[in-house]
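**Student:** Before we start, here is the structure in question, set down as structure tokens.
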Amino acid sequence: MALSKNYLYVLCISSLFIFSLKFALANARSKPSPAPEADSPIVTPTPKGGSLLGVFDVTKYGSVADAKTDSKSAFQAAWTAACKHAGDSTFIVPRGEFLVAPISFCGPCNKSPNVEIRGTLKDPSDPSVFKEPTWLEFRDLSFINITGVGIGMLDESRVGRDHWIPTSNIKFEDIIMTNVKNPIIVDQEYCPSKGCETKPSQVEISDVLFKNIKGIATTKSEVTLVCSSSMPCENVVLANIDLKYILPDGPTTSTCTNVKRISITGMENPQPCS
């Protein structure tokens with residue numbers, strides 16, 4: 001069979017290409033990969049905490065949602081990592097019950113982390129662990145955005161029923177709420193389960209400040225102050241409160257029980273009890 005001159009050129013070029021490819025593959029198998037230079041940077045994999053996305057989940061730092069294991073160290077580690085993160089960050093408490101000893105979430109941070117609490121935080125049952133009258137503290141931050149829970153809720157289902165415990169100088173300032181249940185609440189009759197003791201709490205709460213709190217609530221009761229009948233709350237200040245209820249079954253409500261001396265200043269939405 002006769003072949004044209006052009007066809008012979010194509011056949012030769014194709015054969016040369018196949019030979020060159022086989023030679024390159026054989027050469028690559030026979031030679032080891034070159035070692036990296038001494039000053040080559042080493043890339044460290046991102047820890048399993050989601051820091052590439054700026055998400056810092058407390059369970060990735062050792063926290064256990066069993067309502068028994070103290071999660072303070074894990075919470076502190078996750079907060080520190082979020083605080084040092086260069087970009088936007090979110091400190092997340094997932095669903096479950098977490099026992100947390102008294103802790104301070106301190107700044108200054110590169111950028112104040114968002115705080116998203118989907119679970120329930122439990123205070124220790126032993127009053128001796130409270131060296132100061134503060135359980136959860138956010139301080140030295142230029143701004144804080146907390147999502148998912150009511151702020152200022154004092155869970156006393158296990159603490160302060162039999163012993164007088166003074167708690168004073170509590171401040172909640174400059175907070176933006178995003179779709180939050182019970183945004184302003186002090187509830188000394190809180191009962192998370194059946195079988196709670198019915199006698200009044202012996203925790204005496206005084207000098208409480210709620211200031212510059214704005215945002216959106218998902219419950220009609222936006223301000224709830226339910227204090228102990230034997231130890232009423234004293235000196236509660238509500239200053240510049242602007243909370244909006246997003247559902248159509250309003251209006252919103254405010255509840256104040258066993259509270260002495262409430263001071264109201266600036267914008268108040270909803271209208272608080274007095």
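The values are calculated or read from the model by the stated rules, or taken from the named source; none is laboratory data. Since the model is a prediction, treat every value here as computed from it, not as a measurement. No Cβ is skipped: glycine too gets one built from the backbone with ideal geometry, and neighbour counts run over all protein chains shown.
**Student:** I'd like to verify a number: residues in region 232-263 that are among the hydrophobic types (A, V, I, L, M, F, W, C) and either outside the structural domain of residue 188 (by TED's automatic domain parsing) or farther than 28 Å from residue 168 by Cβ (or both), how many?
**Tutor:** Matching residues across region 232-263 total 2.
**Student:** Need the failing condition index for residue 98 against (1) in contact with a Pro (Cβ under 8 Å, 6 or more places away or on another chain); (2) surrounded by 15 or more Cβ atoms within 10 Å (Cβ to Cβ), just the number.
**Tutor:** Here residue 98 meets the rest and fails (1).
**Student:** Take region 48-63 and flag every residue that is modelled with pLDDT of 95 or more and either acidic (Asp, Glu) or surrounded by fewer than 17 Cβ atoms within 10 Å (Cβ to Cβ) (or both).
**Tutor:** 57, 62 - these are the residues of region 48-63 that are modelled with pLDDT of 95 or more and either acidic (Asp, Glu) or surrounded by fewer than 17 Cβ atoms within 10 Å (Cβ to Cβ) (or both).
**Student:** Anything in region 104-140 that is more than 19 Å from residue 168 (Cβ to Cβ) and either in a strand (DSSP E or B) or of a type in the set (S, T, N, Q) (or both)? List them, or say none.
**Tutor:** Passing the criteria: 105, 106, 110, 112, 114, 115, 116, 117, 120, 121, 122, 125.
**Student:** Test residue 184 against the stated conditions and say whether it is under 22 Å from residue 234 (Cα atoms), modelled with pLDDT of 65 or more and hydrophobic (A, V, I, L, M, F, W, C).
**Tutor:** yes
**Student:** Which one of these is touching a strand residue (DSSP E or B) at 6+ places or on another chain (Cβ under 8 Å), more than 26 Å from residue 67 (Cβ to Cβ) and modelled with pLDDT under 90: 189, 222, 234?
**Tutor:** After ruling out the rest, the residue left standing is 222.
**Student:** Sticking with this structure for a sec: Could you count how many residues in region 101-137 are loosely packed, with under 13 Cβ neighbours inside 10 Å and within 27 Å of residue 179 (Cα to Cα)?
**Tutor:** 2
**Student:** Which condition number in (1) modelled with pLDDT of 90 or more; (2) out of contact with any Pro (no Cβ under 8 Å at 6 or more places or on another chain) is the one that residue 259 fails?
**Tutor:** Condition (2) is where residue 259 drops out.
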